[in-house]
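A short reminder: the numbers here are calculations on the coordinates, not readings from a lab. As the structure is a prediction and not an experimental result, all values here were calculated from the model. When we count neighbours, we look across all protein chains shown, and the Cβ atoms used for this are built from the backbone with ideal geometry, even at glycine.
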Amino acid sequence: MAHAPAIRLVVNGDPRALDAATPTIAALVRDLGLEGQRVAVEVNGDVVTRAEHGTRKLADGDRVEVVTFVGGGEAHDEDVLRLGDHVFHSRLFVGTGKYATNAQMVAALEASGTEVVTVALRRVDLARKDGPNVLDALGDRFTLLPNTAGCYTADDAVRVCRMARELALSDLVKLEVLADPETLLPEPFETLKALKTLVAEKFHVLVYTNDDPVTAKRLEEAGATAVMPLGSPIGSGLGILNPGNIERILARAKVPIVVDAGVGTASDVAVAMELGIAGVLLNTAIAKARDPVRMARAMRDACSAGRDAFLAGRMPKGAPSPSSPVHGTVTKAFGS
């Protein structure tokens, strides 16, 4: 029996898919993890009574609002990441390349908790039309972030983004224009040229760059949705080589800063997040680990821990001081 396709909804302002086999409000509430909780549901402007939740069917394109009561007083924004029209709770962006199998890739992506995955565009293999397809494997689980990986000119990168928009039906893209295949470092002039064209065409561009505060600011001023300085060269696993530069970029930025490239292990993610960046993009560190799924979990936890540490605010660095009060101790003072 063929699996029923998903229907696409807009739930509380965000895109969401629901199994078309049971497209009821009750099924959506279960899918949201809200079963048994007191919620009110509105569909396309009409409030639906609780008695109707089990029978009221949803249709493709329906706009659904799910609300509940909260304490009165001043509202505080949830700690979410906003990129263009998209809102994300996970701050980890994960690539889809270099995995042994599609099944391993999906398992690692799910373990990482990511909501956004990067995908590269390649020509369809016309001699093997029925081969495994990464989009089929990903399904509707994630937001796709088309990547211009492998582009060395602005013109090529813009072409790829235009085709990606047609394929993914999204204006969210990751712009990456490289200087050469040996260093894989960003080409700043071609990157800026491509960015200006894409911004003029209404793309939301996450742009890969060197960890140079001046270049990062120029890209922001040119309309980047987010700026993505490298931690270290692509695939190197060297971690955050210049945290001071990342801090300088952050101090001047008015758009999200996402560290991209060079992460090797979970501690690199934590270090990056503790700087106060908006997120981390990685691929090889998970895909080429001995156990990609376990490493994906470690990256997820490190991202969360690093974010919490940043929000908590670390203690000042300085001279050593006792962690317990010294007044009233029964021992003699040192040196007496």
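Per-residue ellipticity at 222 nm from helix content only, as computed over the chain with -39500 (n - 2.57) for each DSSP H run of at least four residues, stands at -9000 deg cm²/dmol. Taking Lys and Arg as +1 and Asp and Glu as -1, the other residues whose beta-carbon sits under 12 Å from that of ASP180 total -3.
Fewest-first ordering of LEU92, LEU167 by other beta carbons within 10 Å of each residue's beta carbon gives LEU167, LEU92. Computed over the alpha-carbon pairs of segment 165-258, the distance histogram in 5 Å steps reads 3, 15, 25, 24, 19, 11, 4, 1 percent, short to long. Taking the number of Cβ atoms within 10 Å of each Cβ as an exposure proxy, the fewest-first ranking of ILE234, ILE286 is ILE234, ILE286. Taking the fewest neighbouring Cβ atoms within 10 Å as the starting point, the ordered list for ASP268, ASP260 is ASP268, ASP260. Look at the dipole of segment 81-312 built from charges on Cβ: of VAL158, VAL116, ALA179, the Cα furthest out on the positive end belongs to VAL116. Subtracting the Cα-Cα distance of ASP140 and ASP308 from 0.36 nm times their residue separation leaves 57.6 nm of extension gain. For the chain, averaging the sequence separation of C-alpha pairs within contact (under 8 Å, six or more residues apart) and dividing by the residue count gives a relative contact order of 13 percent. The charge dipole of the chain, taken about the Cα centre with unit charges on the Cβ atoms of Lys, Arg (+1) and Asp, Glu (-1), comes to about 560 debye, rounded to the nearest 20. For the chain, excluding the exposed loop sites themselves (GluC sites (Glu not before Pro), DSSP loop, at most 15 other Cβ atoms within 10 Å), the longest remaining stretch covers 202-336. Mind running the shape call on segment 6-67? Use the C-alpha gyration tensor, a ≥ b ≥ c as the square roots of the eigenvalues: rounded below 1.5 for a/c, prolate if a/b tops b/c, oblate otherwise. Rounded, since a/c falls under 1.5.
Work out how much length LEU167 to ASN12 would gain on full extension: take 0.36 nm times their residue separation and subtract the Cα-Cα distance, in nm to one decimal. Working shown, then result.
Details: separation 155, 0.36 × 155 = 55.80 nm, distance 2.54 nm.
Stretched fully, the LEU167-ASN12 segment lengthens by 53.3 nm.
Straight Cα distances below 23 angstrom link LYS98 to the lysines LYS129, LYS174, LYS288, with same-chain residues fewer than 8 positions distant left out. Taking every alpha-carbon pair within the chain, the share separated by more than 29 Å comes to 48 percent. In segment 212-253, the alpha-carbon atoms span a convex hull of 65 Å³ per residue.
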